[in-house]
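Presented below is the structure to which this report refers.
The values are calculated or read from the model by the stated rules, or taken from the named source; none is laboratory data. Computed from a predicted model, the values in this text were never measured in an experiment. With ideal geometry, Cβ positions are generated from the backbone for all residues, glycine too; neighbour counts draw on all protein chains shown. Remember, those area values only see protein heavy atoms, side chains included, never the ligands or the DNA or RNA. Shrake-Rupley method; radii C 1.70, N 1.55, O 1.52, S 1.80 Å.
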Amino acid sequence: MDQSLFDVVVVGAGVVGCAVARRFTLEGARIAVLEKSTDILDGASKANSAILHTGFDAPEGSLELACIRDGYAEYQTIRDSLGLVQDNAGAYVVAWTQDELRNLESIKAKAHLNGVTDVELVDAETLRAREPNLSRNALGAVHVPGESLIDPWSAPHVYLRQAMENGAKVFTSCEVTDGGFDGAEWRVVTTNGTLRTRHVINCAGLYGDTVNRALLGETHFEVKPRKGQFVVFDKAASGLVSAIILPVPSETTKGIVVFRTVFGNLAVGPTAEEQDSRTDASTDEETLKALIADGINKVPALKDMPVTATYAGLRPASEQKEYRISATSEQNWITVGGIRSTGLSGALGIARHVYGLYENMGASHDKLPDPVIPKANMLSEAGLRDWKQDGAGEVVCHCELVTRREIEAALHGPLPARSLAGLKRQTRATMGRCQGFYCSARLAELTDGCFVSAMAEKLPHE
Amino acid sequence: MSDVDVAIIGGGPAGLAAASALKSAGVERVVVLEREAEAGGIPRHCGHPPFGLREFNRLLTGPSYAARLVSSAQTAGVDIRTLTTVVEARAGGNLLLVTPTGVTELKAKRVILATGVRETPRSARLVSGPRVAGVVNTGALQSMVYLTKRRPFQRPVIVGSELVAFSAILTCRHAGIRPVAMIEGNERVTARWPCALFPRLAGVALHTGSRLVEILGDTKVEGVVLEDAKGQISRIECDGVILSGQFTPEAALARSGHLLVDPATGGPQVDQWGRMSDPTYFATGNVLRPVETAGWSWSEGGRTGQWVARDLAGLLPESEPSVRVSVNDHRLRYAVPQNIVLSQDVGGMRDIQLRVAQHVDGELIAECDGEQIWGRKLRAGPEQRVLVQTHEIASACAGRDVALRISEPTD
């Protein structure tokens, strides 16, 4: 491993780690990112609802709200230069009961307090006119025009690539196991060797408390994984709603959302299930059926739509609602923990906040004068997908129209896919209707020798 | 102006047979648009017999059968364009294509959708458990074994017992894979005798009346959990799961475009000539319904080719007036065609094709506005095709929509 002294080691390449790595690199720090999985975005960040939130319903005065607001604003400013997508779908917080209807006014008031001032009440008739496929049981809604759909993988992927192309080092399949601080310098022990750094930023998501315990010897919070299951319907369903359909939230969760994706699907989820396991993202038939039923209740035409995919994600919640971000100045350590559900929306804002904490510790750098600006993968249906461009060669995944050129770029690019899951996030291969029925064999061939664990082995007698 | 007379989407048995028939009928510009590197369809990766008895009077393996279909079509003058994906099927026969050189449009006077079927993947079956590697459909396994010479596991369980599950066993044997069990939710094997004997002969433990409850594993399949008819739970150690059967038409082009889809079949809505809601579009083969053999699809494709040739010559009746045919019984899965054009022309599909969802012993009846207009005894299982003559229903319905259902025997 690189034996030079880094300014900062970032533990974990989830959406938060990627955004932190980018911010610190742009500010001029020398960064190493350590990721225990074969691919980035493999923990909490691999499965979410892909919404860029405005913060209209975030807790008043919270750090979470500040980070979401800042993150949302920064996304607007970097979106075009990085080639990121944003579908300004808007959202309706829909009341399905009289009780919920009575709550709408306070949701609007809170949104205005939170600085999201374009939020308005909409009556049932207007809602029906704008979303004609919504069930007639919808009684009214709060319209939040700023809620948007983004690509939950291409965005953090390009944050990290921007860090890399401006000098950051990224180590995958590299798990932090131990470490020690001598008053000036950290020694970070990993499964691949030891690194030297002045500061450590723990962005380990579902393992935030474990990493604190292993290196700091203590943790100020405990990760309480919360599972969310989702059902993705056939692309034909994406025309059924135009905005994001949110429920009136409860104390613990935003509730089950009906949302389009920038990939052209319609999804329903997530559930909120407390569990101890930090790895078990199982789906279960009963819950998936309940999600489908919930979707049909809200959008009756879903009844005739086939299911394309199902998935589950784990949110790194903690025993408190607020983000658990704290600086341990005497040990040059910052913990970015408990990013329970708004990591994708908050990441860019969190990164700025964390850089502020870092400066408060007395560190300073000179901003990069002219940083390299890479382009994100374009996987949005509405965007200029690779298949639309000349010379893409063969279409390998027919359902998602993934080209061989895209697959080769993901396998041999700056953050090479080392697992099928990683390849999916970079290209969408096998994520469509047939889930690999048609293209698995071709993919097994194209990925030969690239994955840590091969999709298939060569026949012994051939 | 049209670029071609007929564009056929999909170069499997149905599409190639339709193309050949169109050429035989004297249609000039016939193209087959095939998204894979080679035409031939699913038989290309069924490396075992029996194929070709109906078409070539010989017992062939899938790949040699596919190669013969391709060469007959080429000999007939069909233009087969491989690595050509149709991205959109627009009104009036305008197709948007991706080819190796770029995106292009093709205008056809008529389009035939012959995109076949695929098996239902894990996701749509809602199977519980973590998302681990080693869960595949038979089709994916066959392509891996026969086309790319690879195997994804060594000791899988096979879920399902339709005909394709037995193809899965043959495929496994070819690749040195030893299936440890075959799991079937029903009390008996779905495929017809003598298939039921086959797992035992191949040394595969057969668990009928058993439901796949959950797939286990960390990153790869490590086992499955079953529940038998008595509610007994058991676990089988394995390193893969083959999800076989539960076919569904590959009708994405119809579904995501302007063409009407029948939720019962999952394929496009057609009349007895295979004509869709946009009359420039026709469908043939397994995209019409799950699922028939390659031989059946081939015959169907040939007939569709003739009908489309007649349509180009202005010899098919208009789409209207027509009546709707639907199933109104959970024991009946679907009826194809979904529309019957009322016309003096008695051509087109001779039969309405039905499938039952479970073993049925009763009377199949047709009703219009709740009044029985037709009936006959029906004893059938899910693996059998059930045929009802189109003209019997057409002449009995007196211009009213028809619902089919099963009535228990009265005596």
Can you name every residue in the range A:319-360 that is touching a Lys or Arg at 6+ places or on another chain (Cβ under 8 Å) and among the charged types (D, E, K, R)?
A:GLU319, A:LYS321, A:ARG340, A:ARG352
Could you check, for the range A:137-149, whether at least one of its residues is in contact (Cβ under 8 Å) with a residue 24 or more places away in the chain, of a type in the set (Ser, Thr, Tyr), within 30 Å of A:VAL372 (Cα to Cα) and surrounded by 19 or more Cβ atoms within 10 Å (Cβ to Cβ)?
yes
Of all residues in the range B:144-189 being more than 27 Å from B:PRO290 (Cα to Cα) and among the small types (Gly, Ala, Ser), which is most open to solvent (accessible area, probe 1.4 Å)?
B:GLY176
Of the numbered conditions (1) more than 7 Å from chain B (Cβ to nearest Cβ); (2) without any contact (Cβ under 8 Å) to a residue 60 or more places away in the chain, A:PRO374 fails exactly one; give the number of that condition.
(2)
Just need a number here: residues in the range B:14-46 that are of a type in the set (Gly, Ala, Ser) and under 19 Å from the mean Cα position of the chain (by Cα).
8
Among A:SER250, A:SER238, which is open to solvent by 50 Å² or more (accessible area, probe 1.4 Å) and without any contact (Cβ under 8 Å) to a residue 40 or more places away in the chain?
A:SER250
Residue pairs qualifying under the 6 Å Cβ cut-off, at least six apart or on distinct chains, with the first in the range B:251-270 being under 13 Å from B:VAL86 (Cβ atoms) and the second being open to solvent by 40 Å² or more (accessible area, probe 1.4 Å), are B:LEU259/B:SER277
Counting only residues that are under 15 Å from the mean Cα position of the chain (by Cα), on the phi < 0 side of the Ramachandran plot and more than 7 Å from chain A (Cβ to nearest Cβ), which one in the range B:113-132 is surrounded by the fewest Cβ atoms within 10 Å (Cβ to Cβ)?
B:THR120
Of these, A:VAL176, A:VAL188, A:VAL158, A:VAL200, which one is assigned by TED's automatic domain parsing to the domain that holds A:ARG30 and closer than 14 Å to A:SER4 by Cα?
A:VAL188
All but one of (1) in contact (Cβ under 8 Å) with a residue 60 or more places away in the chain; (2) outside the structural domain of B:PRO290 (by TED's automatic domain parsing); (3) not basic (Lys, Arg) hold for B:LEU113; state the number of the condition that does not hold.
(2)
Every residue in the range B:2-20 that is of a type outside the set (S, T, N, Q) and surrounded by fewer than 24 Cβ atoms within 10 Å (Cβ to Cβ), please.
B:ASP3, B:VAL4, B:ASP5
Restricting attention to the range A:428-453, report how many residues are aromatic (Phe, Trp, Tyr) and either part of a helix (DSSP H, G or I) or touching a residue at least 12 places away in the same chain (Cβ under 8 Å) (or both).
2
Whether any residue in the range A:101-109 is within 28 Å of the chain's Cα centre (by Cα) and open to solvent by 60 Å² or more (accessible area, probe 1.4 Å) is what I want to check.
no
Does A:LEU415 meet the test of being touching a helix residue (DSSP H, G or I) at 6+ places or on another chain (Cβ under 8 Å), surrounded by fewer than 24 Cβ atoms within 10 Å (Cβ to Cβ) and away from chain B (no Cβ under 13 Å)?
yes
Would you confirm whether or not the range A:197-213 contains a residue that is open to solvent by 30 Å² or more (accessible area, probe 1.4 Å) and under 22 Å from the mean Cα position of the chain (by Cα)?
yes
Mind listing whichever residues of the range A:217-264 are among the acidic types (Asp, Glu) and away from every other protein chain (no Cβ under 14 Å)?
A:GLU218, A:GLU222, A:GLU251
Single unsatisfied condition, B:ALA89 versus (1) within 14 Å of chain A (Cβ to nearest Cβ); (2) under 26 Å from B:ALA168 (Cβ atoms); (3) buried (at least 24 other Cβ atoms within 10 Å of the Cβ)
(2)
Test for A:SER81: is it outside any strand (DSSP E or B), modelled with pLDDT under 95 and either within 14 Å of the chain's Cα centre (by Cα) or more than 25 Å from A:PHE181 (Cα to Cα) (or both)
no
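Residues checked against (1) open to solvent by less than 10 Å² (accessible area, probe 1.4 Å); (2) of a type outside the set (A, V, I, L, M, F, W, C):
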| site | (1), (2) |
| --- | --- |
| A:ASP7 | no, yes |
| A:ALA21 | yes, no |
| A:PHE24 | yes, no |
| A:LEU41 | yes, no |
| A:ALA44 | no, no |
| A:THR54 | yes, yes |
| A:ALA66 | no, no |
| A:SER81 | no, yes |
Among (1) facing chain A (nearest Cβ under 10 Å); (2) without any contact (Cβ under 8 Å) to a residue 12 or more places away in the chain, there is one condition B:THR104 misses while meeting the rest; what is its number?
(1)
Given the criterion outside any loop (DSSP other than H, G, I, E, B) and in contact (Cβ under 8 Å) with a residue 12 or more places away in the chain, identify the matching residue among B:LEU16, B:LEU96.
B:LEU16
With respect to B:ASP218, is the statement that it is open to solvent by less than 30 Å² (accessible area, probe 1.4 Å) and acidic (Asp, Glu) true?
no
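Every residue, every condition in (1) among the charged types (D, E, K, R); (2) assigned by TED's automatic domain parsing to the domain that holds B:ARG155; (3) in contact with a helix residue (DSSP H, G or I) (Cβ under 8 Å, 6 or more places away or on another chain), yes or no:
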{"site": "B:GLY185", "(1), (2), (3)": "no, yes, no"}
{"site": "B:VAL189", "(1), (2), (3)": "no, yes, yes"}
{"site": "B:PRO199", "(1), (2), (3)": "no, yes, yes"}
{"site": "B:ALA202", "(1), (2), (3)": "no, yes, yes"}
{"site": "B:GLY209", "(1), (2), (3)": "no, yes, no"}
{"site": "B:LEU212", "(1), (2), (3)": "no, yes, no"}
{"site": "B:ALA229", "(1), (2), (3)": "no, yes, no"}
{"site": "B:GLN232", "(1), (2), (3)": "no, yes, no"}
{"site": "B:ARG235", "(1), (2), (3)": "yes, yes, no"}
Among the residues of the range A:301-318, write down those that are away from chain B (no Cβ under 13 Å) and open to solvent by 20 Å² or more (accessible area, probe 1.4 Å).
A:ARG315
Can you pull out the residues in the range B:308-337 that are open to solvent by 80 Å² or more (accessible area, probe 1.4 Å) and without any contact (Cβ under 8 Å) to a residue 60 or more places away in the chain?
B:LEU315, B:GLU318, B:GLU320, B:HIS330
Please list, ordered by first then second residue, the pairs with beta carbon atoms under 8 Å, 6 or more apart or interchain, first in the range A:184-203 and in contact (Cβ under 8 Å) with a residue 24 or more places away in the chain and among the hydroxyl-bearing types (Ser, Thr, Tyr), second in a strand (DSSP E or B) and open to solvent by 30 Å² or more (accessible area, probe 1.4 Å).
A:THR190/A:PHE171; A:THR190/A:THR177; A:THR191/A:THR177; A:THR194/A:ARG187; A:THR197/A:LEU5
Within the range B:300-411, strands (runs of 3 or more DSSP E) holding 1 or more residues that are small (Gly, Ala, Ser):
B:322-327, B:332-336, B:360-368, B:371-380, B:402-407
